[in-house]
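The values are calculated or read from the model by the stated rules, or taken from the named source; none is laboratory data. This structure is a prediction, so every number in the text was calculated from the model and none was measured. Glycine also receives a Cβ, built like all others from the backbone with ideal geometry; neighbour counts cover every protein chain displayed. Areas reflect the complete protein model, heavy atoms only, side chains present, ligands, DNA and RNA absent. Shrake-Rupley method; radii C 1.70, N 1.55, O 1.52, S 1.80 Å.
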Amino acid sequence: MPYVVDFQNVSTVGLESSPVAEALAGLRANEARYYRNKYAHVFTVSPAGEVPEVIERVSRILREEREIVIGSRPLEAAGFEVDGLRMDYVFYELGLSINVMYSIEDGGKRAVGFKLSEGMEVPEELAAFKFARQKSKLAGVIRGSYFVIKGQY
């Protein structure tokens, strides 16, 4: 069942099994606030089992672009279009959020972003990346990194 993420009343709904559920909920709320403020888009997530196409698309891009396979279980995912961009999000049990930004038009921006919840270690699969820190009222300290997508998906 889809869940509209409320960034004013942060909830761990759907993320309870994560060892950093509170921080991951804050990270998810931070993303919801961004899309609401920038695009007037309501950020809605679904349990991972209800949106296998989003999980597979993100997994395929990670695998084919960088040979990355995330070992953690996906808890929730979202897929939507906004301002000419196809956006996919996956929230993983260990506290990781991965988003894929893919411009619908050729030649546009296409990238994969990683965000680590406060309190989690950098997963082994992402050890090669350097992470920048960002403070968030909703999520504490978020560590983030990204890479540019080179292929066509």
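Worth pointing out:
- Scanning the stretch 19-37 for residues that are open to solvent by less than 60 Å² (accessible area, probe 1.4 Å) and more than 19 Å from GLY113 (Cβ to Cβ) gives a single hit, ALA21.
- Filter pass, VAL58 being more than 14 Å from the chain's Cα centre (by Cα) and closer than 26 Å to GLU121 by Cβ: no
- One residue stands out in the stretch 88-114 among those that are open to solvent by 10 Å² or more (accessible area, probe 1.4 Å) and of a type in the set (A, V, I, L, M): the one that is farthest from the chain's Cα centre (by Cα), namely ILE104.
- Neighbours by Cβ (under 6 Å, 6+ apart or cross-chain): first from the stretch 123-147, on the phi < 0 side of the Ramachandran plot and open to solvent by 100 Å² or more (accessible area, probe 1.4 Å); second part of a strand (DSSP E or B) and not aliphatic (A, V, I, L, M): ARG133/ARG143; TYR146/GLY113
- Filter result (assigned to a helix (DSSP H, G or I) and farther than 15 Å from GLU81 by Cα) within the stretch 39-52: ALA48, GLY49, GLU50, PRO52
- ALA40 being open to solvent by 40 Å² or more (accessible area, probe 1.4 Å), without any contact (Cβ under 8 Å) to a residue 60 or more places away in the chain and among the small types (Gly, Ala, Ser): yes
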